[in-house]
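What follows is a set of notes on a single structure, which appears directly below.
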Amino acid sequence: MLRAAFTTKPTEGGRRWRRLFLLLGGVVLLYGLLAPLTSLDALQSAGFPLLADKLWFRIATATAMFVVLASAWNLVGGLTGYAAFGNVAFFGIGAYTCGMLISRAHWPLFLALPLAPLASAAFAALVGVPLLRLRGHYFAVASLGVGVAVGEVIQNVEYRGTPVFGGSTGLFLPIFSVDNRDLVFYFLMVGAAALTIGVTWLVLRSRFGYGLIAIRENEEAAAVMGVNTTAYKVAAFALAAALTGLAGGIFAQWNVFINQENVFPIEYNVQMILMALVGGAGTLFGPLAGAVFLYMLIQFLSGSLPVSLDLPFLPSDARPVLAQVILGLLLLVTVIFVPRGVIDFFGGQSRLSLAYLRRSLRETSV
């Protein structure tokens, strides 16, 4: 009965859109998995055309990273209904855990990497118990404060006058020397993205997932039904932190250098939330679609892609400002007119009409 309460049946048009999206997604996935293999020395010696250069690898690896961040945030913000604005703290903790073990303790990457999600999950469980007692904008502001505070503490903590985590100069990691290094980190990040989506799929089809959705719909009613709301919320918070910390650990060794600016950036919080909302918060593939679309849009607007926006009247240093303005407008349009995301909209659950717009405005108004 609980399963039926959270199941929706798409229309015939929605099924057609869904099949189209699955087909396009399959083509993109197949290309993403096979194109990097053309960079192998054996295939290059055999005369295969190179389909993935260094720029492609960097953009594709970063895209997979944001798939992890958006999908992990979806466990808390989409399924549980708690708008967390501080998940970047878990990314930074994972990055510094892995970075410290590799650079200071001289651990190998694959021995240090598993501790990154464990450290992030432990921290999330510790702060989650008091933090998740707050609701609405109180929780959002408090979680944002945690994200900012953790970065400041890591940058400024010292022992006998020496910065423990590298201070303002950051932390340099030894280069992971291996053949086809870019290929290794690309598949590591893609593996993390696949793991995150797999975990979301399992959660959505478990009693735990139904409990999270019940909390999102009505927390008091969920408690009356026997859901241990505190335990469920903290577990979801820790699970999201573990997946985010895993991406942070991979990023630390991939980027070689980490500091407060590149592993605790506030814009990551905004971007992962926007990606989940645009794609469809609370869905399985919504954050994935939103992450791919928005990261490519950001790179296009900033001029980082081979094909970029050419506006003669716009100085090159103003491109990041334009990107932020367009992202802000996109967030505004999404929240007001497509609050369930494009996956739900094209999945046939909604239809663009005056009645739909009125209903969306009612749902997003106070």
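The values are calculated or read from the model by the stated rules, or taken from the named source; none is laboratory data. All values derive from a computational prediction rather than experimental measurement. Note that we place each Cβ from the backbone using ideal geometry, even for glycine, and neighbour counts take in every protein chain shown.
For region 158-182, the set of residues classified as under 29 Å from Val127 (Cα atoms) and in contact with a helix residue (DSSP H, G or I) (Cβ under 9 Å, 6 or more places away or on another chain) consists of Glu158, Pro163, Val164, Phe165, Gly166, Gly167, Ser168, Gly170, Leu171, Phe172, Leu173, listed by residue number. Where helices (runs of 4 or more DSSP H) fall entirely within region 111-226, those with at least 1 residues that are more than 21 Å from Leu79 (Cβ to Cβ) are at 115-131, 136-156, 181-204. Selection within region 28-49: residues that are of a type in the set (S, T, N, Q) and free of Cβ contacts under 8 Å to residues at least 40 places away in the same chain. The member of this set that is surrounded by the fewest Cβ atoms within 10 Å (Cβ to Cβ) is Ser45. Please work out if Asp53 is out of contact with any helix residue (DSSP H, G or I) (no Cβ under 6 Å at 6 or more places or on another chain), in contact (Cβ under 8 Å) with a residue 60 or more places away in the chain, at negative phi and not hydroxyl-bearing (Ser, Thr, Tyr). Judged against the criteria, Asp53 is not a match. For the condition within 23 Å of Asn259 (Cβ to Cβ) and at pLDDT 95 or above, Ala119 qualifies.
Within region 83-114, the set of residues being of a type in the set (A, V, I, L, M) and within 13 Å of the chain's Cα centre (by Cα) comprises Ala84, Val88, Ala89.
Looking only at region 6-13, decide whether some residue is small (Gly, Ala, Ser), surrounded by 11 or more Cβ atoms within 10 Å (Cβ to Cβ) and at pLDDT 80 or above.
no
For Leu301, the test of being outside any helix (DSSP H, G or I) and at pLDDT 75 or above is failed.
For region 249-256, the count of residues that are closer than 19 Å to Leu132 by Cα and either outside any helix (DSSP H, G or I) or free of Cβ contacts under 8 Å to residues at least 24 places away in the same chain (or both) is zero. Which of (1) buried (at least 20 other Cβ atoms within 10 Å of the Cβ); (2) at pLDDT 75 or above; (3) acidic (Asp, Glu) is the odd one out, the single condition Glu267 does not satisfy? Condition not satisfied by Glu267: (1). Counting the residues of region 168-186 that are in contact (Cβ under 8 Å) with a residue 12 or more places away in the chain, out of contact with any strand residue (DSSP E or B) (no Cβ under 9 Å at 6 or more places or on another chain) and under 17 Å from Cys98 (Cβ atoms) gives 4. Residue under question is Ala149, and the condition is that it be crowded, with 21+ Cβ neighbours inside 10 Å and either modelled with pLDDT under 95 or assigned by TED's automatic domain parsing to the domain that holds Thr283 (or both); does it hold? Taking the combined requirement at face value, the residue does not satisfy it.
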